[in-house]
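See structure below.
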Amino acid sequence: VDVFQAWCGPCKPVVNLFQKIKNEVGSNLLHFAVAEADSIDALEKYRGHCEPVFLFYTGGELVAVVRGADAPLLQKTILKQL
């Protein structure tokens, strides 16, 4: 989940990275979503930061968090979680 705030928007370059990884691994286990922290109370702690935050869930449980648009770290985290 790409957590963003309305004033800065979702991290568009990362969408391409996620699509590339999904195409490479061909997995139905990988799903990408965006969520505006300003409108979701459960994401309140992610408000007020100027960097994107990526939350990784497995079976409804938060299993990893990546702060910033670090493409190599995001790819490593995705592949590790898959």
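Data overview
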quantity	calculated
Debye log10 I(q)/I(0) for the chain, one point scatterer per Cα, at q = 0.19, 0.20 Å⁻¹	-0.82, -0.90
Length-normalised contact order for the chain - Cα pairs under 8 Å, 6+ apart - percent	33
The range 2-81: antiparallel DSSP beta bridges as a percent of all, rounded to 5	75
Average accessible area per residue (Å²) across the range 1-75 - probe 1.4 Å, nucleic acids and ligands excluded	63
On Cα atoms only, tilt of 12-25 relative to the major axis of the chain in degrees	20
Net length gained if the chain between residue 82 and residue 34 were fully extended (0.36 nm per residue, minus Cα distance)	15.4 nm
Protein accessible area in the range 2-81, 1.4 Å probe - carbon and sulfur %	54
Residue 57 long-range amide H proximity, modeled H, under 5 Å	63
Whole-Hz couplings from phi, Karplus 6.51/-1.76/1.60, listed for the range 30-41; x for Gly and Pro	9, 10, 10, 9, 10, 9, 7, 4, 5, 10, 10, 4
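The values are calculated or read from the model by the stated rules, or taken from the named source; none is laboratory data. It should be emphasised that the depicted structure is a prediction, and the values quoted were computed from it without experimental measurement. The area values use the complete protein model at the heavy-atom level, side chains included, leaving out ligands, DNA and RNA. Shrake-Rupley method; radii C 1.70, N 1.55, O 1.52, S 1.80 Å.
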